[in-house]
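K.L.:
Sharing a structure, written as structure tokens. Questions coming.
Each value in this text was obtained by applying a stated rule to the coordinates, not by laboratory testing. Keep in mind that what you see is a predicted model, and the values were worked out from it rather than measured. When we count neighbours, we look across all protein chains shown, and the Cβ atoms used for this are built from the backbone with ideal geometry, even at glycine.
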Amino acid sequence: MDRVTAYIGIGTNLGDRRSHVNHAVEQLDALPDSCLAAVAAVIETEPVGPITQRAYLNTIAAIETGLSPAVLLGCLHAIERQRGRDRRREQRWGPRTLDLDILIFGDRVVQEPGLTIPHRRLAERAFVLVPLAEVAPELLVPGTGHTVRSMLEALMDRSTGMDTNAEGSA
């Protein structure tokens, strides 16, 4: 498989959040047949969903990879498990030590059981679009005809406001 740029969403709201983010970035850079291309600033955001919980730290990483989407997803789940995440026992929309999602994988559109690329709620999530726009504002999101920047602008036009202040260094 040719190398592609994959954009990975990184989120955490349990434990040492900064350590979880740093670990994820280090592990993404260490993936086989892959290298880290960019990492956006970390932002602190309010959780989405009905469960009361701590604020999240979010960012995205861009990696150049020769892995397939399915293999990459398996690697992401392994990195999550290293930080104590158990997807089978967690509550939907609940707190997590580490959440890694494939947002975009080159120019591919993937619809498989357990894997949808681009991420199905990408256009609805400022906590993903803000950091993604930092590193790839003119990226055309596959299957949409829209750039990351235009998706973020449309979301902000609809939004009542979301706290996306960049977090200071830890």
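K.L.:
Counting helices only, and only those DSSP H runs with n ≥ 4, report the 222 nm mean residue ellipticity of the chain as the sum of -39,500 (n - 2.57) divided by its residues, in deg cm²/dmol to the nearest 500.
P.N.:
Roughly -9000 deg cm²/dmol at 222 nm, from the helical runs in the chain.
K.L.:
Also: Highest mean first, what order results for 76-83, 99-106 on Cβ atoms within 10 Å?
P.N.:
99-106, 76-83
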